[in-house]
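Colleague: Below you'll find the structure I mean.
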Amino acid sequence: MKNWFSKIFPIILIMAIVGCEKDEQRLVVIPGAAPVLSASTATPALKLEDASKEAVKFTWTAADFNYPAGVTYTLQLAKKGTDFKETVDFNAGPSLSKTYTVADLNTALLRLGIGAGSLGQLDVRVKAAVSANVATLVSGATSVSATPYLVIIQYPSLYVPGGYQGWAPDKAPKLASVKDNKIYEGYVNFGDASEFKFTDAPNWNNGIFGDQGDGTTKKIASPGNNFKVPSGGYYLVKADLNDKSWDAVKTSWGLIGSGTPGGWGADTDMVYDAATGTWSLTVNLTADEIKFRANDDWAINFGDTKADGLLDYGGDNIKVPAAGNYTVTLNLSIGGNYSYTLKKN
């Protein structure tokens, strides 16, 4: 009897374990249907003056988990073709829609590394979840294309009126103090050898700054004599009101990098357009990297560290999204808001 029981007991135990495993499997929820996503438009127009208006509304059907459940939805935006590896998420809670204003969608595009002025293509999907123990349901992706605009930050400024523009402070280029530390810089196009001054308002009624001597001492006095540049050209102008110094460096700009015809060994020159205040060129680029630099040298160069279309001195290399013929534009006309665009032709 004892021998018989010792033989059958393991069989009973195995059957009990198998039975438990089967019971646990019966608790697994088999989802019914993922949400279906749609967009009010596939090509929303983004303009700064419409920042508070609706750009696009995403709506989706309710997910079906085959049992009553409190569902939480998350809308995800990603660069097209990236398989949602990097996303901008919005937690919609139980809602079945999300409306993006122009400003919100513009910010999302910039966060995803789509530069201002460049067409951005997005994949959008919605995820439905009930708990960590139940598989998430994910909609199919829908596509949206839009071109973000540059968000201009207003910094403390110095105006640069001079003979080159009629001595009109209210129409003059501005230098910006990005750190609000009385150190200013900006780019000014002087049509010829010119004299100029700095003012701290768009008029002659407040602070006026000039040179301590003949216009070339590089020391600031108030009101001082007119500053001078020896010849026309596109200058990086700096002013430090702490140590009372100023400087002006003439620049010409080019494109360099593994994506350009000259590689990292030679610049491809850009051309300045006084009407638009920008540098540009049309060039064949490979799907590699580029940077902007002045005077065929690395002393003054720009990259894009945040991949947001805004340039940073010495910043990260800029990635060309795909090989092709591009119009590349460099805009240094707005102090502290230096930008660029890559437009595929």
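The values are calculated or read from the model by the stated rules, or taken from the named source; none is laboratory data. These figures come from a predicted structure and were not determined experimentally. Reconstructed Cβ throughout: ideal geometry from the backbone, glycine too, with neighbour counts over all protein chains shown. Surface accessibility is based on the protein's heavy atoms, side chains included, excluding ligands, DNA and RNA. Shrake-Rupley method; radii C 1.70, N 1.55, O 1.52, S 1.80 Å.
Colleague: Averaging sequence separations of C-alpha pairs under 8 Å and six or more residues apart, then dividing by the length of the range 174-254, give the relative contact order as a whole percent.
Modeller: 30
Colleague: Quick query: amide H of residue 289 versus all other amide H atoms, modeled in the peptide plane; which residues come in under 5 Å with a sequence gap of 5 or more or a different chain?
Modeller: Distant-sequence amide H within range of residue 289: 258, 259, 320.
Colleague: Can you give the three extents of the C-alpha atoms in the range 220-345 along their principal axes, from longest to shortest, in whole Å?
Modeller: 53, 28, 26
Colleague: For the range 162-173, just list the computed ³J(HN,Hα) in residue order, Karplus coefficients 6.51, -1.76 and 1.60, θ = phi - 60°, integers in Hz, with x standing in for Gly and Pro.
Modeller: Values, residue by residue: x, x, 5, 9, x, 6, 10, x, 6, 10, 8, x Hz.
Colleague: For the range 45-167, compute Rh as the Kirkwood radius over C-alpha pairs and then the Stokes-Einstein diffusion coefficient at 4 °C and 1.567 mPa s; write the answer in µm²/s, rounded to an integer.
Modeller: 77
Colleague: Let me ask you something else. Tell me the accessible surface of residue 138 in square angstrom (1.4 angstrom probe, heavy atoms of protein chains only), to the nearest ten.
Modeller: About 60 Å², ignoring ligands and nucleic acids.
Colleague: Still on this structure: Could you tally the net charge around residue 84, taking each other residue with its Cβ under 11 Å from the Cβ of residue 84, Lys/Arg +1 and Asp/Glu -1?
Modeller: Result for the neighbourhood of residue 84: +1.
Colleague: Got the relative contact order for the chain handy, in percent, Cα pairs under 8 Å and 6 or more residues apart?
Modeller: About 12 percent, as a whole number.
Colleague: Quick one: if the Förster radius is 41 Å, what FRET efficiency do residue 96 and residue 152 give, using the C-beta to C-beta distance and rounding to 0.05?
Modeller: Plugging the Cβ-Cβ distance into 1/(1 + (r/R0)^6) gives 0.70.
Colleague: Any idea what the alpha-carbon Rg over 2.2 N^0.38 Å comes to for the range 194-252?
Modeller: After normalising by residue count via 2.2 N^0.38 Å, the value is 1.08.
Colleague: From the backbone phi of the range 330-343, what are the Karplus-calculated ³J(HN,Hα) couplings (6.51 cos²θ - 1.76 cosθ + 1.60, θ = phi - 60°) in whole Hz, Gly and Pro given as x?
Modeller: Running phi through 6.51 cos²θ - 1.76 cosθ + 1.60 with θ = phi - 60° gives 10, 10, 10, 7, 10, x, x, 10, 6, 9, 8, 9, 10, 10 Hz.
Colleague: Could you work out how far the C-alpha centroid of the range 100-159 sits from that of the range 240-272, in angstrom?
Modeller: Cα centres, the range 100-159 to the range 240-272: 31 Å.
Colleague: For the chain, what is the calculated [θ] at 222 nm in deg cm²/dmol (nearest 500), taking -39500 (n - 2.57) for each run of four or more DSSP H residues and dividing by its residue count?
Modeller: Computed mean residue ellipticity for the chain: -3500 deg cm²/dmol.
Colleague: I'd like the Karplus ³J(HN,Hα) series for the range 117-132: coefficients 6.51, -1.76, 1.60, θ = phi - 60°, whole numbers in Hz, and an x wherever there's a Gly or Pro.
Modeller: x, 10, 5, x, 10, 10, 9, 10, 9, 10, 10, 10, 9, 10, 6, 5
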